[in-house]
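The values are calculated or read from the model by the stated rules, or taken from the named source; none is laboratory data. None of these values were measured; they are calculated from a predicted model. As a convention, Cβ positions derive from the backbone with ideal geometry for all residues, glycine included, and neighbour counts pool all protein chains shown.
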Amino acid sequence: MRILSKSASQFVPLLLCLTLVLRPATAVNDIDLPDMGSPSDSVLSKATEEQIGMSIYRNLQSVDAIISDPEVQEYIQNVGLKLASHVQDDGENFQFFVINDNAINAFALPGGYIGIHTGLLLTTKTESELAGVMAHEIAHVTQRHISRAVFANRNASVINMATMLGAILLGVATGAGGDFITGAVMASQGMAIQQQIDFTRANEYEADRVGVSIMSDAGFDPQGMPDYFETMSRLTGLGARNVPEFLLTHPVTTTRIAETRGRASQYERKIVNSSNAYSLIKARLVYLTAKRPDLALQFFENKDSNPQIGDSLAVQYGLALSLMGTNQTAAAEKLLTDLLRSNEQIIMFHSGLAQAQIANGKTAEGFSTFQQAMKLFPRNVPLTVRYAEALLNNGEPKQAHTILLDLLNAVPPTSEQIRLIALAANAAGDVADSHYYMAEYHAYRGNLSMALMQLQLALDTPGLDPLQKSRLRARLAQFEGYLPENQRRARQQQRAPEQRPESE
């Protein structure tokens, strides 16, 4: 067993029991004080912003609002980090994710958590347009517009934000149903974060200016931002009821479009072709968000759908996914074989073909395709996850556990990676490992009570050696540290003496 491997023991502790102390600024006009930073720091410090953002992000995960598909996750994070690497504030950590919702919207949470709705991503025509939206949201974070807006409206906005956070955390702590937490999360996104805080016109112009600079430095066409603003502006003609949510939180006017286009023109116009990954991920999202696989198949078979996806390669990929979804595995295998033959550099075609071969009864060929791809693209997260899933589904849990543990030791894990390695460990008979990983999975998603229960089950597993017990007890004590004091003491009193950490 590999309980608490080196990297596994370094998961960032969750801040589930966040206590947010926000106080109005006291009048100090008659006091000569040194400059200790932005006045907004008196309301939201960077550490508090990170705690707020993490709390909301974890709760979005807990209600499955975030698309967990590894290919989608990898793509949006790669684009986001490419942009974020060119911000002036290099002390900010960013997490980019896709929200499973057809609304045309995007938002920035405190602490660098940036969400893009599927509806918005699918309405962009180029990767530079997508980058423009993301760069704009990045600028809201780096310029600390949320904290500054809370400071400017502290009598109302601070109360709203504190109330919203309290509702979210209460839902988690009491085990309230998903509908309750979903309502609180959506309120946090819409009411407290952007609609009630309501970025000022100056904030929007500043985010445009900084965002255009970030785009240009990152190698995207800076005209992508005003291009997308024009697309959004045209949609306002559909009537107030159909105005995209993005326009409600980021009002776009002809003056603003002209200002942004003029600023973008100060940078050299780049001929930037969208990456293959951009159009492939759009096709993948169409398939993933379709109500039924057969409806996705109809979409990709319709030639009029091609302009929305962007190119024929992506349409063929979407068609292959839809064929797989409708159990037409032989046709999917043939299509993916042809795609891979002329596009060996695209990892999604390797994993897609391997999955199609296995589904078509050619298990040995499928595993051979996976193994060749793993040699070409070692430790690629989506590829490794797909290979591990195939191994699990075909009775090879120990090998799945091995490759997932290697990945865990190399890259920061996603919640789905943790869940998958827990399943692999359980299937391989590593019971204590399985409970430990599930504890990390529940903690990652914000369910502290389930995390504590899984750690206790790991400790109760027969045959643990002293080192394993010590590490599990330490992790249990660490998680208990996030409980309210009365609950923590009650748990410690109920615990058997031999299970107590040495510090007790």
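Odds and ends about this structure:
- Subset of the range 265-293 that is more than 21 Å from the chain's Cα centre (by Cα) and aliphatic (A, V, I, L, M) - its residue that is surrounded by the most Cβ atoms within 10 Å (Cβ to Cβ): 272
- Scoring residue 374 on the criteria (1) within 26 Å of the chain's Cα centre (by Cα); (2) farther than 19 Å from residue 70 by Cα leaves a single failure, condition (2).
- Filter result for the condition that a residue is modelled with pLDDT of 95 or more, exposed (fewer than 15 other Cβ atoms within 10 Å of the Cβ) and in a helix (DSSP H, G or I), over 304, 338: 338
- Long-range neighbours under 6 Å by Cβ, at least six apart or interchain, first residue at positive phi within the range 193-220, second assigned to a loop (DSSP other than H, G, I, E, B) and at pLDDT 70 or above: none
- Flag if residue 412 is within 22 Å of residue 379 (Cβ to Cβ) and either touching a residue at least 24 places away in the same chain (Cβ under 8 Å) or in contact with a strand residue (DSSP E or B) (Cβ under 6 Å, 6 or more places away or on another chain) (or both): no
- Single condition residue 111 does not satisfy, out of (1) on the phi > 0 side of the Ramachandran plot; (2) among the small types (Gly, Ala, Ser); (3) surrounded by fewer than 20 Cβ atoms within 10 Å (Cβ to Cβ): (3)
Every residue, every condition in (1) under 26 Å from residue 127 (Cα atoms); (2) out of contact with any helix residue (DSSP H, G or I) (no Cβ under 8 Å at 6 or more places or on another chain), yes or no:
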position	(1), (2)
298	yes, yes
302	yes, yes
311	yes, no
341	yes, yes
346	yes, no
349	yes, no
394	no, no
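- Check on residue 331, within 23 Å of residue 290 (Cβ to Cβ), within 29 Å of the chain's Cα centre (by Cα), in a helix (DSSP H, G or I) and assigned by TED's automatic domain parsing to the domain that holds residue 283: no
- Candidates 281, 271, 257, 346, filtered to the one that is touching an Asp or Glu at 6+ places or on another chain (Cβ under 9 Å), of a type in the set (A, V, I, L, M) and over 27 Å from residue 108 (Cβ atoms): 271
- Cβ pairs under 8 Å, 6+ apart, first in the range 461-479 and in contact (Cβ under 8 Å) with a residue 24 or more places away in the chain, second part of a helix (DSSP H, G or I) and among the polar types (S, T, N, Q): 471/9; 473/499; 475/9; 476/456
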